[in-house]
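A.B. asks: Input: one structure, supplied below.
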Amino acid sequence: MLTEGIRGRVSGGGANRFLAPDSETARLYEEARRLMPGGTSRLHYYSAPYPIYARSGKGQVLTDVDGVERIDFLNNMTALIHGHANPRINQAIVEQLERGTAFSEPTPEEVALARLMVERVPSVEQIRFANSGTEAVMLAIKLARAFTGRSRIAKFEGFYHGYYDYVQVSFSSTPDNWGPVDAPAAVPSSGGLADSVVREDVLVLPFNDREAVEGLMDRHGRSLAAVICDPLSNRAGFPRPAEGFLDYLRQVTRHYGIVLIFDEVISFRLGYHGAQGKYGGDPDLTTFGKIMGGGLPIGAVGGRADIMALLDPTQGPPRVLSGGTFSGNPLSMVAGYAAMEQLTPEVYARLDALGERLRSGGNAVFRATGEPAQFSGDGSLFRIVLTDEPLTDYRAGVRRAKPATRLSQLHRLLLDEGVIIARDGLGCLSTPMDETDVDFFLAALERAVERLTAGTASP
Ligand SMILES: Cc1ncc(COP(=O)(O)O)c(C=O)c1O
């Protein structure tokens, strides 16, 4: 088995030969830095002093350009639920390549994926495809504005929804700028936002705090077009929705005539009917991305037919315009269909059990080593958060957490032990994995945490 081989080679560290100055990675990165700002196209790609470069992936194993194999617990930031080079997805892509990669005309493959999604998610009566989660969020917000005739939106503190201006607010607030707990400040999380975004256009809500949300809704509810919420927000540390909180959001948004958007770009991983199938909430619109594309670029908005009708061109110019040269392209459609089709309720149940094994085993490692940290998440998603405070909202994961540099050290040590997660602690499982991979992760974690606490943190 692949994992046995990897265990033999990297047990006790030694996988990080990419850090040697004469490595292929070092050479590539030096050139990349000359050509691209910071050497990268995507913020996540970078980790100091430079990232590993992927050569290839198969199943749960990723091989870097220096020939080192590691188990991939990140899977293109959770997008590859079947790991790398899944045979059915690959076959679907190859067959589509023969027929053509993209057309000015729609294809049967677009209809097939639309049918699958509408049949799977009860709140989705109709769907519109886009190219990324960011585009899907952008379109959902525009739909909400056009439907309500209002402009302002509300989002939760610490929640990430991509890089559209109106959601690049308060996903990385810090104690010195986040303001009162019951009325969080709107803080820009990126440069380049229009002044009005932070000043007027976005209201920031505290997650799981019904009383505070009630107060803010009393004051601002009638001016809001949308409330956007991720039922299980990665960036906020995966706080689980408190009993009844999502139902309350449903009720209060309905009361004020606000469109409730669930962002399930990541959390759609949680089950056959997505996060809403697991936690409830019955949104008006849902945004999708990542796993729905089977490894190719994708995004989508789905939801109530009367809201989606704003995109309908059959009765004259639609009220909301959305285009995208590659929206609904058949390569993403067939890859997505092949990925989704393999995700049966039984497959989700197996991933859930593996996820539980990883999170509870990981928490046991932290308890045994005395490191104040925890594994959060649900289903096939997990995140290492460096605090033992119960995670009810974004602030709980930040308030007393160890500095981000410690998490980066742990990330690097895990790489050295043959395990890939994100440098901010995010990780996920893929269907090729089994208990051996999870146990490999746990053994690697134990050694990495021992090295971290012993202060021998430079692999
Ligand atoms: C919850 C959530 N929404 C939206 C996005 C944006 O998706 P994309 O990166 O495909 O633009 C992300 C990306 O990580 C996400 O995690």
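The values are calculated or read from the model by the stated rules, or taken from the named source; none is laboratory data. Everything quoted here is computed from the prediction, not taken from an experiment. Cβ placement follows ideal geometry from the backbone for every residue including glycine, while neighbour counts extend to all protein chains displayed. To get the accessible areas, we keep the full protein, side chains included, count just its heavy atoms, and leave off ligands, DNA and RNA. Shrake-Rupley method; radii C 1.70, N 1.55, O 1.52, S 1.80 Å.
A.B. asks: Which of (1) more than 13 Å from the ligand (Cβ to nearest atom); (2) closer than 14 Å to D378 by Cα; (3) hydroxyl-bearing (S, T, Y) is the odd one out, the single condition Y248 does not satisfy?
C.D. replies: (2)
A.B. asks: Ok, one more. List the strands (runs of 3 or more DSSP E) that sit entirely inside region 199-310 and contain at least 1 residues that are open to solvent by 10 Å² or more (accessible area, probe 1.4 Å) and either charged (D, E, K, R) or more than 30 Å from S56 (Cα to Cα) (or both).
C.D. replies: Because the criterion is at least 1 residues that are open to solvent by 10 Å² or more (accessible area, probe 1.4 Å) and either charged (D, E, K, R) or more than 30 Å from S56 (Cα to Cα) (or both), the strands (runs of 3 or more DSSP E) in region 199-310 that meet it are 202-205.
A.B. asks: Only one of (1) among the small types (G, A, S); (2) open to solvent by 30 Å² or more (accessible area, probe 1.4 Å); (3) under 29 Å from N90 (Cα atoms) fails for S408. Which number is that?
C.D. replies: Result: S408 passes all but (3).
A.B. asks: Quick one: count up the residues across region 17-71 that are of a type in the set (A, V, I, L, M, F, W, C), in contact (Cβ under 8 Å) with a residue 24 or more places away in the chain and either open to solvent by 30 Å² or more (accessible area, probe 1.4 Å) or under 22 Å from A404 (Cβ atoms) (or both).
C.D. replies: 5
A.B. asks: While we're here: Testing T25 on (1) part of a helix (DSSP H, G or I); (2) more than 30 Å from D439 (Cα to Cα); (3) β-branched (V, I, T), one condition comes back false. Which one is that?
C.D. replies: For T25, the exception is condition (2).
A.B. asks: While we're on this one: In region 73-92, is there at least one residue being away from the ligand (no atom under 16 Å from the Cβ), assigned to a helix (DSSP H, G or I) and open to solvent by less than 60 Å² (accessible area, probe 1.4 Å)?
C.D. replies: yes
A.B. asks: May I ask you to say which residue of F18, F103 is part of a loop (DSSP other than H, G, I, E, B) and more than 16 Å from the ligand (Cβ to nearest atom)?
C.D. replies: Answer to the check: F103.
A.B. asks: Still on this structure, I have one more. If you go through region 130-148 one residue at a time, do you hit one that is outside any helix (DSSP H, G or I) and of a type in the set (V, I, T)?
C.D. replies: no
Here is a yes/no grid of residues against (1) in contact (Cβ under 8 Å) with a residue 40 or more places away in the chain; (2) assigned to a helix (DSSP H, G or I):
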residue: G355; (1), (2): yes, yes
residue: R383; (1), (2): yes, no
residue: P390; (1), (2): no, no
residue: R395; (1), (2): yes, yes
residue: R400; (1), (2): no, no
residue: S408; (1), (2): yes, yes
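A.B. asks: Ok, one more. Taking the residues in region 118-162 that are within 16 Å of the ligand (Cβ to nearest atom) and either among the aromatic types (F, W, Y) or not assigned by TED's automatic domain parsing to the domain that holds G289 (or both) as candidates, determine which candidate is nearest to K290 (Cα to Cα).
C.D. replies: By that ranking, first place goes to F129.
A.B. asks: Okay, next question. Of all residues being assigned to a helix (DSSP H, G or I) and in contact with a strand residue (DSSP E or B) (Cβ under 9 Å, 6 or more places away or on another chain) in region 311-335, which is nearest to the ligand (Cβ to nearest atom)? Just the residue, please.
C.D. replies: That would be S332.
A.B. asks: Out of the residues in region 149-178 that are of a type outside the set (V, I, T) and not in a loop (DSSP other than H, G, I, E, B), which is farthest from R400 (Cα to Cα)?
C.D. replies: By that ranking, first place goes to R152.
A.B. asks: Scan region 239-270 residue by residue and report those that are among the small types (G, A, S) and on the phi < 0 side of the Ramachandran plot.
C.D. replies: Hits for region 239-270 are A242, S267.
A.B. asks: On to the next question. What are the residues in region 360-397 that are closer than 17 Å to R240 by Cβ and surrounded by fewer than 20 Cβ atoms within 10 Å (Cβ to Cβ), if any?
C.D. replies: S360, N363, T387, D388, E389, P390, T392
A.B. asks: Tally the residues that are assigned to a loop (DSSP other than H, G, I, E, B) and of a type outside the set (A, V, I, L, M, F, W, C), restricting the search to region 106-129.
C.D. replies: Within region 106-129, residues that are assigned to a loop (DSSP other than H, G, I, E, B) and of a type outside the set (A, V, I, L, M, F, W, C) number 5.
A.B. asks: Working carefully through the options G302, G316, G336, G328, find the one that is assigned by TED's automatic domain parsing to the domain that holds A225 and more than 30 Å from V94 (Cβ to Cβ).
C.D. replies: G316
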